[in-house]
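Single-structure report; data block below.
The values are calculated or read from the model by the stated rules, or taken from the named source; none is laboratory data. Just so we're clear, the structure is a prediction, and the values are computed from it rather than from any experiment. No Cβ is skipped: glycine too gets one built from the backbone with ideal geometry, and neighbour counts run over all protein chains shown. Protein only, heavy atoms only, side chains kept; ligands, DNA and RNA dropped before computing areas. Shrake-Rupley method; radii C 1.70, N 1.55, O 1.52, S 1.80 Å.
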Amino acid sequence: MNPLLFKAHPLLYRSVDLLIRPSAYTVDDFSRLILIYLVIALLWTAALRFALRRMLGISLTPLRTYGLALPAAVAYAPLMLTVSSDVLAHAFRLEERYILLFTIAVAVQMLAALYGVCFRFNQTGRPIGIRGGLAVSLFLFVASIPFSFLLLGVNAVLHVI
């Protein structure tokens, strides 16, 4: 059994399973999963826009912000939904979730590198660097905690996945 998928949220399970066994899914399943991620990314877009304005004084177009928030939504949403569902069920055990927490730490670092190169200061045009990228990535990680509880509530009402 893959330790990342042990008692995983259905979004995480389907995302990883789609990467491992793509032939087991239809185009409709794949399209539905993509649509879910595209809608979820709206939350991270608002958080990214806020973080860039407050921390770095950078303003981007909404479409560019959405495009750069999409990797954070894809990286953080399924992982945080799994952790948050464990916390809500009072079933979080570190020995079961250490791989998942390591994956979150790796996702934070990868997004920090991406954002450090992609975002540029308005005045000079220089990239914000790894320190600024890490600040933005960590802000999005912290914002994903309440987002995950919100998404769990929406999923409990609407049964999306």
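Any residue that is within 20 Å of residue 41 (Cα to Cα), of a type in the set (Phe, Trp, Tyr) and assigned to a helix (DSSP H, G or I) - is there at least one of those in segment 95-107?
Filtering segment 95-107 for residues within 20 Å of residue 41 (Cα to Cα) gives 103-107.
Filter again for of a type in the set (Phe, Trp, Tyr), leaving none.
No - not one qualifying residue is present in segment 95-107.
Take residue 1 and decide whether it is touching a helix residue (DSSP H, G or I) at 6+ places or on another chain (Cβ under 9 Å), modelled with pLDDT under 95 and open to solvent by 50 Å² or more (accessible area, probe 1.4 Å).
Details: touching a helix residue (DSSP H, G or I) at 6+ places or on another chain (Cβ under 9 Å): no; modelled with pLDDT under 95: yes; open to solvent by 50 Å² or more (accessible area, probe 1.4 Å): yes.
In short, no.
Here is a yes/no grid of residues against (1) farther than 15 Å from residue 49 by Cα; (2) charged (D, E, K, R); (3) at pLDDT 95 or above:
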position: 97; (1), (2), (3): yes, yes, no
position: 102; (1), (2), (3): yes, no, yes
position: 114; (1), (2), (3): yes, no, yes
position: 124; (1), (2), (3): yes, no, no
position: 138; (1), (2), (3): no, no, yes
position: 142; (1), (2), (3): no, no, yes
position: 145; (1), (2), (3): yes, no, yes
position: 159; (1), (2), (3): yes, no, no
Any residue in segment 16-34 that is open to solvent by less than 70 Å² (accessible area, probe 1.4 Å), touching a helix residue (DSSP H, G or I) at 6+ places or on another chain (Cβ under 6 Å) and farther than 23 Å from residue 153 by Cα?
yes
Residue by residue through segment 47-92, note down the ones that are open to solvent by 10 Å² or more (accessible area, probe 1.4 Å), assigned to a loop (DSSP other than H, G, I, E, B) and touching a helix residue (DSSP H, G or I) at 6+ places or on another chain (Cβ under 8 Å).
59, 60, 92
Which numbered condition residue 9 misses (of (1) more than 20 Å from residue 160 (Cβ to Cβ); (2) more than 12 Å from the chain's Cα centre (by Cα))
(1)
If we keep only residues of segment 108-155 that are among the β-branched types (Val, Ile, Thr) and either open to solvent by 40 Å² or more (accessible area, probe 1.4 Å) or part of a loop (DSSP other than H, G, I, E, B) (or both), then the residue farthest from residue 87 (Cα to Cα) is 124
Considering every residue within segment 126-136, establish whether at least one is within 30 Å of residue 156 (Cβ to Cβ) and either free of Cβ contacts under 8 Å to residues at least 12 places away in the same chain or charged (D, E, K, R) (or both).
no
